[in-house]
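**Student:** Pasting a structure here, questions to come.
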Amino acid sequence: MIIGLVALLLLCPCLALAGWAVWQAGEDDEPTISAPATSAPAEPTGTPGVAPNTVQPSPSEEDDDFAKGDCVVNDGSDDDAELRKVPCGPKTYEVLLRIPATTDGDRCKTRAPQATANYVHDNSVDVLDYVLCLRERD
């Protein structure tokens, strides 16, 4: 009985660690690259090298169907973004990566270094939070 208890105590942390590793691996849609990112604000101001703006959506916003490859425009402001899907073209933002279950816009710097802006969707239910890493199209 003691051997079974010791085996169980050793097995539980191992299973927890394996589950955490699988959960983290499932969150990585793109390989992590640790190169420095060139960044600009979400709304271009002509000032190169400024860190990307992290904009919060309005509480009534229900658009959570943005995916990699979609193009969007911001019909709102930097502080109250209202993203809308549009056909890809000049002066639109392409979604490079959608990072689920986070509000950390800085993750775009390592996960999508070519991103020039990011959009943070902060839901009252944390599992529904996400960040969009965006790149302005010429």
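The values are calculated or read from the model by the stated rules, or taken from the named source; none is laboratory data. Just so we're clear, the structure is a prediction, and the values are computed from it rather than from any experiment. Backbone-built Cβ (ideal geometry, glycine too); neighbour counts: all protein chains shown. When the accessible area is computed, the model is the full protein with side chains, heavy atoms only, and any ligands, DNA or RNA have been set aside. Shrake-Rupley method; radii C 1.70, N 1.55, O 1.52, S 1.80 Å.
Conditions (1) farther than 19 Å from residue 138 by Cβ; (2) at pLDDT 90 or above, marked per residue:
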position: 34; (1), (2): yes, no
position: 44; (1), (2): no, no
position: 47; (1), (2): no, no
position: 57; (1), (2): yes, no
position: 86; (1), (2): no, yes
position: 95; (1), (2): no, yes
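So that you can scan it fast, the table gives a plain yes or no per residue for (1) in contact (Cβ under 8 Å) with a residue 60 or more places away in the chain; (2) open to solvent by 50 Å² or more (accessible area, probe 1.4 Å):
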{"site": "84", "(1), (2)": "no, yes"}
{"site": "92", "(1), (2)": "no, no"}
{"site": "104", "(1), (2)": "no, yes"}
{"site": "109", "(1), (2)": "yes, yes"}
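**Student:** To continue, here is another question. Within segment 72-82, how many residues are open to solvent by 20 Å² or more (accessible area, probe 1.4 Å), in a strand (DSSP E or B) and not β-branched (Val, Ile, Thr)?
**Tutor:** Total satisfying the criteria: 2.
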